[in-house]
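> Please find one structure pasted underneath; my questions will follow.
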Amino acid sequence: MIPGPIEISPTVQQAYSVPPPGHRSEELKEAFGASIEALREVFRSSADTQPFIVSGSGTVAMEMAVMNLVEPGDSVMVIDTGFFSKRMIGILERAGAKVAVLEAEVGRAPDPDEVENFMDRGDYKIVFATHVDTSTAVLLDPEPVAKAARARGILSVFDGVCAAVGEVFRMEEWGADLYLTASQKAIGCPPGLGLMAVGPRALAARRNRSRPPAASFVDWENWLGVHEAYEKRLPSYYATPATNLIMALSASLNEIRGAGLDTIWRQHARVAEALRAAWASLGFTWIPQTGFEASTLSALIVPQGVRVSKLTERIARRGVIVAGGIHPQYRERSFRVGHMGWAISQAPLLERTIRAIALALQDEGHSVDAEIAVAAFRDGRTS
Ligand code: PMP
């Protein structure tokens with residue numbers, strides 16, 4: 001129950017577990033083409049948006065966004081809500097950007113007014129924000145950021161690695177220019193693919209550069225023709241695609257389309273709220289302030305006197321793996337529970353997680369009641 005790689009559905013696992021298809025095979029052409037079409041839909045993006053599916057992880061997708069959009073000397077703005085915003089700042093600085101950082105208080109995202117005021121104080125080409133920061137479980141609402149950017153002719157880029165499919169995102173309606181994610185999170189595949197949707201203004205910004213990006217693999221111009229071909233179910237080659245992962249992606253996107261994205265968004269929100277009822281009944285507080293809680297993971301603060309590593313070890317002994325804290329301010333005081341993708345439809349798995357955490361607390365000498373916590377979860381889930 002870590003925040004990725006997540007548990008995947010049996011159907012996705014089956015689609016992945018085939019002898020490696022060639023990149024010119026019928027099954028790969030269909031899976032690649034269908035995945036491109038489905039990604040456009042899953043990101044709620046326009047017909048002239050170009051999805052990209054590349055080998056690598058979320059960090060490769062971050063790098064691809066930066067390397068195509070940023071030229072040395074460009075002024076950009078980053079809304080810093082935690083660990084992965086800081087990673088983005090590092091990638092931007094390497095690319096030679098002048099980076100202005102709007103630092104958020106830990107546990108919340110800045111108010112829209114604050115974002116707009118900051119935007120007006122500089123001459124920014126792009127604003128970068130993290131939809132859900134995985135170190136704090138803080139949710140940032142991309143809508144006002146994307147709209148404010150659009151109104152000012154600034155491009156907006158969102159890191160949706162820990163959000164896409166688990167949190168509402170409407171790329172076209174909100175006027176966002178780039179949304180990126182990775183295969184191992186709520187999209188429900190094994191790790192190994194960087195995914196993104198690039199809108200027409202961002203595509204034009206790459207075309208209008210004075211020089212191409214300094215790295216070939218992440219230059220999306222090298223991948224454009226490949227994706228256009230596969231969407232027409234024609235084979236193409238720039239670098240060998242991760243064919244088994246694309247088979248898995250296609251199966252997963254098919255499941256998402258079958259269930260309906262709106263339904264999946266609602267399920268994530270409901271399960272997250274029900275889990276928070278269980279956490280509260282166990283006496284936990286969490287890092288995000290009210291109104292900033294992500295639906296894809298929880299970042300729980302451990303009770304005074306409890307060592308995180310000891311607690312997570314005890315939880316593991318009870319049969320469930322959770323993740324430690326990674327935000328510097330909370331590294332020794334928090335642990336994280338992922339609740340996204342296939343797992344959120346598996347009540348026994350979620351209840352086992354609640355029980356494992358409750359029993360680990362009991363092992364630490366805290367008098368908590370596992371069954372009351374499970375009942376709080378059940379009430380929340382069915383209400
Ligand atoms: N951004 C966010 C919000 C993430 O959660 C992660 C991974 N946890 C990344 C970026 C980096 O992705 P990856 O580990 O797949 O490179």
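Quick grid of which residues meet (1) closer than 28 Å to Ile187 by Cβ; (2) open to solvent by 10 Å² or more (accessible area, probe 1.4 Å); (3) of a type outside the set (Ser, Thr, Tyr); (4) modelled with pLDDT of 95 or more:
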| position | (1), (2), (3), (4) |
| --- | --- |
| Gly291 | yes, yes, yes, yes |
| Ala299 | yes, no, yes, yes |
| Gln304 | no, yes, yes, no |
| Arg307 | no, yes, yes, no |
| Glu313 | no, yes, yes, yes |
| Gln329 | no, yes, yes, no |
| His339 | yes, no, yes, yes |
| Gln346 | yes, yes, yes, yes |
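> Which members of segment 124-144 meet the condition of being charged (D, E, K, R) and near the ligand (Cβ under 10 Å from one of its atoms)?
Within segment 124-144, just Asp133 meets the criteria.
> May I pose another question? Test of understanding: among Pro213, Pro191, which residue is in contact (Cβ under 8 Å) with a residue 60 or more places away in the chain and over 22 Å from the mean Cα position of the chain (by Cα)? Walk me through how you get there before you give the answer.
Working: Pro191 fails: over 22 Å from the mean Cα position of the chain (by Cα).
The unique qualifying residue is Pro213.
> Same structure again: From (1) within 15 Å of the ligand (Cβ to nearest atom); (2) touching a residue at least 24 places away in the same chain (Cβ under 8 Å), pick out the condition that doesn't hold for Asp74.
Status for Asp74: all satisfied but (1).
> I'm trying to understand the selection: among the residues of segment 168-185, which are away from the ligand (no atom under 11 Å from the Cβ) and either crowded, with 24+ Cβ neighbours inside 10 Å or charged (D, E, K, R) (or both)? Step through it out loud before you land on a result.
In the first step, residues of segment 168-185 are kept if they are away from the ligand (no atom under 11 Å from the Cβ); the result is 168-179.
Across segment 168-185, the qualifying residues are Phe169, Arg170, Met171, Glu172, Glu173, Ala176, Asp177, Leu178, Tyr179.
> Let me ask another. I'm checking my understanding of the structure. Among residues of segment 9-56 that are open to solvent by less than 30 Å² (accessible area, probe 1.4 Å) and within 16 Å of the ligand (Cβ to nearest atom), which one is farthest from Ser216 (Cα to Cα)?
In this case the residue turns out to be Phe43.
Conditions tested, residue by residue: (1) among the small types (Gly, Ala, Ser); (2) more than 27 Å from Ala164 (Cβ to Cβ).
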site	(1), (2)
Ser281	yes, yes
Pro288	no, no
Gly291	yes, no
Ser295	yes, no
Leu300	no, no
Gln304	no, yes
Val322	no, no
Pro328	no, no
Arg331	no, no
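> Give segment 260-304 a look and list any residue that's touching a residue at least 60 places away in the same chain (Cβ under 8 Å), in contact with a helix residue (DSSP H, G or I) (Cβ under 9 Å, 6 or more places away or on another chain), among the hydrophobic types (A, V, I, L, M, F, W, C) and not in a helix (DSSP H, G or I), or say none.
Correct list: Leu282, Trp286, Ala294, Leu297.
> Can you give me the ranges of the helices (runs of 4 or more DSSP H) entirely in segment 84-185 with at least 2 residues that are within 23 Å of Leu300 (Cα to Cα)? So that I can check it myself, show each step before the final result.
Numbers: elements: 112-120, 142-151, 171-174.
Hits in segment 84-185: none.
> Related question: Test each condition in (1) within 21 Å of Ala197 (Cα to Cα); (2) open to solvent by less than 40 Å² (accessible area, probe 1.4 Å); (3) within 16 Å of the ligand (Cβ to nearest atom) for Thr59 and report the one that comes out false.
So Thr59 meets the others, but not (2).
> May I pose another question? Would you pick out the residues in segment 192-218 that are touching a Lys or Arg at 6+ places or on another chain (Cβ under 9 Å) and either within 16 Å of the ligand (Cβ to nearest atom) or modelled with pLDDT under 95 (or both)?
Ala197
Matching residues to (1) at pLDDT 95 or above; (2) over 21 Å from Gly324 (Cα atoms); (3) open to solvent by 10 Å² or more (accessible area, probe 1.4 Å):
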| residue | (1), (2), (3) |
| --- | --- |
| Asp113 | yes, yes, yes |
| Asp133 | yes, no, no |
| Pro144 | yes, yes, yes |
| Ala148 | yes, yes, no |
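The values are calculated or read from the model by the stated rules, or taken from the named source; none is laboratory data. Since the model is a prediction, treat every value here as computed from it, not as a measurement. Glycine also receives a Cβ, built like all others from the backbone with ideal geometry; neighbour counts cover every protein chain displayed. Surface areas here come from the heavy atoms of the whole protein model, side chains and all, with no ligands, DNA or RNA. Shrake-Rupley method; radii C 1.70, N 1.55, O 1.52, S 1.80 Å.
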